[in-house]
Structure formats: C-alpha cells, structure tokens
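First the structure, in the form of structure tokens, and then the observations on it.
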Amino acid sequence: MSKIRKYIDILSSINWCQTWMLYRRLQKPRSSSIRVLNRSNIKLAASATIEMSEHASFEINRQDYIKTHERSTLYLGENAYLKLNGRFTMHGHSSIMIHDGALLEIGNNTYLNGGSIDCSHHISIGDDCAIADGVRIMDESFHSVDSQIGGGEIKIGHNVWIATGAMILPGVKIEDGAIVAAGAVVTKDVPPRCMVAGVPAKVVKENVEWRH
C-alpha cells in the first residue's frame, strides 16, 4: 500500500498543464523527459527556445532537499536560449532568468538547489556541478562605472561545487573540480581543483577532491 501511496503522491505533485506546455515548446528528442512540479512559476517568450540532448531530463521545483514548498521560477525572454546537455534538476526555491538574446548552457547531472542564475549574455555550466541554496550567478551587473558596462561571459567547468550563499560575478571562469566556499564572492578566475573563499574570493587550498 505504501508503494501505491508514494506513486499517487508523485502523480499529484506534477503540474500537468505546465509540463504539457513546456513539452510542446521544447526542441527535444523522444528519449528526453521533462517534469514540472506544483508551485512552479514559468514564463517563456514566444521566440524563446529550450533545447535538450538525447536522454536529457529536466525537473523543475523538486522538493527533496528544501521543504519550504516555495516556488521555483523559470523565465526566458525574447530569443533567449536554454540548452540542456543531460540531466538537470531545479530544486525548490530555485530561479533561472534568461534575458532577451542570452544563452544558458547546462551539462549532465547538474543541479540548482535553491540558488539563482541570472543570464544576460552567456553562461555555461559543465557536468556534475552542485549549486547550493542562496548562490547567485550573474553575468551582468546592470550598472556601469566610468562608462564601462559590468558584464561578461561566465564559464563554470565540470565537477564544480558552489556552496551556500556564494556569488559568481560577470567575466569569471571556474575550472574543473573547483570548490567555492560558502559566502564567497568570486571576482576573478578560479584554477582547477582549488578551493576559494572570502570576499573577494582567494585560493585557500589546492589539489582538492570532492564527490557529487
């Protein structure tokens, strides 16, 4: 009986209307899947595109880790492009904003656990990345200093862990295997397999290893 109840709970947690709406909009092979859970806030411009690779999956507002039952937000502006190259999960209270003409690419087995991604130009995130609660990744500061616009592409490699409350600022490259400590503000490139911490973030440990 418990298995039947669990199955019923899973079915009742899915927002079937929003799932069908996204399914119709996607550029996706039949081998990929999508699931939109209740309390998801989704808005796609008519010219926006979501592309999924073979065997990719996309789950929005999963509640396994954060039990607040708050909404997750997915917004794509005009000509915005979201490219998913594998399994990607947005856990509860996550936010993705892709503004007009911007491109967000996300690799396989990566998750966003309550953080936010604000993409105005180009952000790429590799495979096996963990992005924790309160993290903010933004490639545009929306202000200029001495006539210089504060924007730039962000590239996050494979197997990167970004811990709670960290901030990734425009123009940063984070190499494979790196760890960004909780509350760090990353203003410059992070070498591979290094841990950075502080404001602004600096290397505090080299040759680190962590498991997804």
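Residues are listed down the side, and each one gets a yes or a no for (1) more than 15 Å from ILE106 (Cβ to Cβ); (2) at pLDDT below 95; (3) assigned to a loop (DSSP other than H, G, I, E, B):
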| site | (1), (2), (3) |
| --- | --- |
| SER144 | yes, yes, no |
| GLY150 | yes, yes, no |
| HIS158 | no, no, yes |
| GLY177 | yes, no, yes |
| VAL204 | yes, no, no |
| HIS212 | no, yes, yes |
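The residues listed here are ILE123, ILE179; of these, the one that is surrounded by 21 or more Cβ atoms within 10 Å (Cβ to Cβ) and within 24 Å of PHE58 (Cα to Cα) is ILE123.
Scanning segment 108-130 for residues that are hydroxyl-bearing (Ser, Thr, Tyr) and within 20 Å of ARG39 (Cα to Cα) yields TYR111, SER116.
The values are calculated or read from the model by the stated rules, or taken from the named source; none is laboratory data. Please read these numbers as outputs of a predicted model, since none were measured by experiment. When we count neighbours, we look across all protein chains shown, and the Cβ atoms used for this are built from the backbone with ideal geometry, even at glycine.
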